[in-house]
Amino acid sequence: MKRKNLVRYFVLGVFGLAIAAGLTARGKAHQPRPNIILIIVDALRADHLPVYGYHKNTAPFLKELARDAVVFERASSVAPLTAPSMASVFTSTYSFQHHVVSNSYDEDQSDDEEALKKINKLPSGLLTLAEFLKNQGYRTYALSDNANICCEMGFAAGFDRFKMMAYEGAESVVDQLTAWSEEIRGREPYFLYVHFMDPHTRYHQRQPWFQEKRNPYAERVAAYDSEISYVDARLRELFYAFDWQDDDLIIFAADHGEEFKEHGHWGHGKNLYKEALHVPLMFSYPARIHPGRRHAFVSTLDIFPTVCDIIGRPFPPQIAGHSLLPSLMDSDESSPRRPIYAYTRSFKDPFIPVAAVVHDGWKLILDNDTASLLYDLNHDSRERRDVKNDFPALVSAMEKLLQTYRAQCKEYKEEYGLIHPRGDAVKHMRALGYLQ
Ligand SMILES: [Zn+2]
């Protein structure tokens, strides 16, 4: 990383107020079209990063990056599964609006191994972040090491160059991007979306970071942690290769978290507990924002409108998120205050929706298959004690909030793509354990 930290700290100290007023450290007033780099690390739970208080320094590079960034301490994914979550990041709409509700096709629809399968796809009526930026004159690039981010589901829309890999690892991702770097950096502005896959199951025991443990649970977590360190080291290489400067906007996040049996399960996809939804969210843009930590509850749904605001363009009408730019420029006081929603589908029946809402320090999980769960986040941030029986009126009010909100939102027409059951994306999903 060549961002010149010491110089920047000095400048920020002297001219902090001027920056807050919209001027930049370099005197470039109102940089309206920065290069935008969106980095997603798959299945990266926030609380396993030192930036978010983890006891091990699993990610020294991200810790350095965070010094110049706005770090949202309580960011939530929209869904605990890659395709629904990223569909929401790309469109700033919820899964019940865009209908990308699963990673894979429905295996029950045909026994014919040669027949093309239906797969849920982003509706053409929605503008993606890449399409939006392309319309603003950006050149657009995507490299995803998660095969769920595939053309068949509509994720390639708006990208000049789109490449899907099938869990080839962070080293290959950085090698590919380095090969593209001359082209990408040839003309500004550009939008680059990078999706790393490494902390996702199955966890490798990455050297030299992996530390052997006596019990299988601790060993599994140690392997996950070693994957974080591995991708962190590759991120350092990526930043070195691209030499991003203070007026380049870096957005760092995860698509969802990961469960370590806190509520009985490993992995992710079917639960809306904190460990599945709490993700890192950092904006590094030293030329324009006011670094620091923000405590407000925010969502990865807010990335798209924040980008619109940063480049000074009005939001597309579909946007369900809120701009975080006032918070980036100022302090927590400017963070949006509103309910945060998340959605997925039940373990017992994929057609049964599960929804969650966080509001005023309370979290309600509404599982239509079982019952509601209520957590007092101010006293029980890990969501260990269900207190629904103590607060029945609050449960009713939050259930109503979920229903009312959903009724207000526009739902887009469902669309489907076709995917070959022996294609790379399906093989990849099987390898990851999503398909039998
Ligand atoms: Zn994922």
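The values are calculated or read from the model by the stated rules, or taken from the named source; none is laboratory data. Only a predicted model underlies this, so the values are computations on that prediction, with no experimental measurement involved. For neighbour counting, all protein chains shown are included, and Cβ atoms are generated from backbone atoms with ideal geometry for every residue, glycine included.
Listed here are the residues, each with its yes/no results for (1) closer than 20 Å to residue 269 by Cβ; (2) at pLDDT 95 or above; (3) crowded, with 22+ Cβ neighbours inside 10 Å; (4) among the hydroxyl-bearing types (Ser, Thr, Tyr).
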position: 100; (1), (2), (3), (4): yes, no, yes, no
position: 114; (1), (2), (3), (4): no, no, no, no
position: 117; (1), (2), (3), (4): yes, no, no, no
position: 146; (1), (2), (3), (4): yes, no, yes, no
position: 156; (1), (2), (3), (4): no, yes, no, no
position: 165; (1), (2), (3), (4): no, no, no, no
position: 172; (1), (2), (3), (4): no, yes, no, yes
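Taking the criterion of being within 16 Å of the ligand (Cβ to nearest atom) and either more than 30 Å from residue 123 (Cβ to Cβ) or of a type in the set (Val, Ile, Thr) (or both), the residues of segment 51-87 that qualify are 78, 82.
Determine if segment 72-86 includes at least one residue that is free of Cβ contacts under 8 Å to residues at least 24 places away in the same chain and not in a helix (DSSP H, G or I).
Of all residues in segment 72-86, those free of Cβ contacts under 8 Å to residues at least 24 places away in the same chain come to none.
The answer is no; no qualifying residue exists.
Check whether at least one residue in segment 204-225 is β-branched (Val, Ile, Thr) and under 19 Å from the mean Cα position of the chain (by Cα), and report yes or no. No, the conditions are met nowhere in segment 204-225.
Any residue at all in segment 280-296 that is charged (D, E, K, R), over 11 Å from residue 45 (Cβ atoms) and within 15 Å of the ligand (Cβ to nearest atom)? Working first, answer last.
At the first step, the residues of segment 280-296 found to be charged (D, E, K, R) are 288, 293-294.
Filter once more, keeping what is over 11 Å from residue 45 (Cβ atoms): 288, 293-294.
Now narrow it down to the ones that are within 15 Å of the ligand (Cβ to nearest atom): none.
No, that holds for no residue.
Does segment 294-307 include one or more residues that are assigned to a loop (DSSP other than H, G, I, E, B) and over 20 Å from residue 87 (Cβ atoms)? So far as segment 294-307 goes, no, none of its residues is assigned to a loop (DSSP other than H, G, I, E, B) and over 20 Å from residue 87 (Cβ atoms).
For segment 145-175, filtered to residues that are among the aliphatic types (A, V, I, L, M), within 25 Å of residue 124 (Cβ to Cβ) and assigned to a loop (DSSP other than H, G, I, E, B), the residue that is farthest from the ligand (Cβ to nearest atom) is 157.
Could you list, in sequence order, all residues of segment 258-273 that are surrounded by fewer than 22 Cβ atoms within 10 Å (Cβ to Cβ), away from the ligand (no atom under 15 Å from the Cβ) and outside any strand (DSSP E or B)? Break it down into steps so the answer makes sense when it comes.
Initially, segment 258-273 is screened for residues surrounded by fewer than 22 Cβ atoms within 10 Å (Cβ to Cβ), giving 260-267, 269-270.
Now drop any that are not away from the ligand (no atom under 15 Å from the Cβ), which leaves 260-265.
Within segment 258-273, 261, 262, 263, 264, 265 meet the criteria.
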